[in-house]
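For reference, the structure discussed in these notes is given below.
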Amino acid sequence: MAERNPFYFDVKKEDGENPMKNKLIAIILFLLIMSTAAVHAAEGANQPNLFLLPEQRETEIGQDVRFTVVGEGLEDLYGYEIRLAYDSERLRFKEAIPAWNGFQVPPIVKDGTITVAHTKVGRVGGENGDTEIVTLVFEVIGAGEAQIRLENAKLVNSRIEPVTIKPGETATLSVTAPVSDNFVDIAGHWAKDSILRAARLGLVNGYPDGTFRPNRHVTRGEFAALLARALKPETAGVPEPALADWKDVPEWAKPYVAAVYSAGWMKGYPDGTIRVQEKITRAEMAVMTVRAAGIQTGQEQLEAAMFADYLQIPAWAASEAAAAHKAGLVTGKPGSRFDPFAYTTRAEAVTVILRLLDMLEARNF
């Protein structure tokens, strides 16, 4: 008797069998095979390729957008598991729509990643050639450049022969949004104009309740993303840093952190970590901003005329704090204090980034 493909089962009820039970068995087999695909993938074979096809390149906040995963050179594709990373600050995942009939495992959405899995059912052949595989639908929730990246895919044919590929394909969506005259919580705030300008440039977003939360603290990863959005360092093809805690970096932040780290604007700690989830201090912000500005520091000395608490500024940040002050990037707090170990707020961060942009524009004029 010919071997039966465990993916094949009859949808209708036969001989007292429970079709739902058959479905569950098929799904379990499917996921088990998928989990071992990387181990059993044939080497040297002509592998198919996957790429992302965006429905559009530009859109506005509040719109739905679609990205379609398209296969090229497919041979008898019967089932798949595909993992993608996306900018969760600008996109909210809504649904995945398979291109053909079968059974789809509910998408797994976590920390800016989506995993979709689907298998055909019954005695049917797989897909061949160039064809659409699955379409992902997102709601646009933030302005700026939103990216979605194909990280890896496990493909199985109807003979249960698996292959794993890592496309590394990235699609970018430019999102614009009319910014209202105000966020509901910045009336009278000292950084109101800067906040509105940064929002119009797509550097930052407000929250769904209409607030900006200017006094909320910023993490090291968020400030790195802000720098990258403003200065646009190269992100394509930048290798992942060899950092002890790279696995803890949120998926949406990885391209930004990798680019900023590669550019030398952000450095790790002596233990090899980057700690992007920790709040960034004003001293750290000054150091990263001066590096991004390309200001060469030497023996700049902090003086009492600059900050009343200049003796509290750590040695590793002293030259950069002095350079940032002289360049007009970072100013003091009331009482002429620098307050080096205070955490940076969203209002402070956007203000410093805008000053940096203005300085670089004037330099290049």
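What follows draws every value from the coordinates through simple rules; no lab data is involved. All of these numbers come straight from a predicted model, not from anything done at the bench. Here the Cβ is made from the backbone with ideal geometry for all residues, glycine too, and neighbour counts use every protein chain on show.
Across the stretch 179-364, the convex hull enclosing all Cα atoms gives 131 Å³ per residue. Note on the stretch 60-129: with charges restricted to the Cβ of Lys and Arg (+1) and Asp and Glu (-1), its dipole about the Cα centre is near 240 debye. Starting from a Cα-only point model with no solvent, please compute log10 I(q)/I(0) by Debye for the stretch 68-155 at q = 0.12, 0.13, 0.25 1/Å. The Cα Debye sum returns log10 ratios of -0.37, -0.44, -1.29. Scattering from the stretch 134-187 was approximated by placing one identical point on each alpha carbon and applying the Debye formula without solvent; log10 I(q)/I(0) at 0.20, 0.21 1/Å stands at -0.89, -0.92. Relative intensity of the stretch 172-266 on a log10 scale, I(q)/I(0) at q = 0.15, 0.20 Å⁻¹, equals -0.68, -1.02, per a Debye sum over C-alpha point scatterers of equal strength in the absence of solvent.
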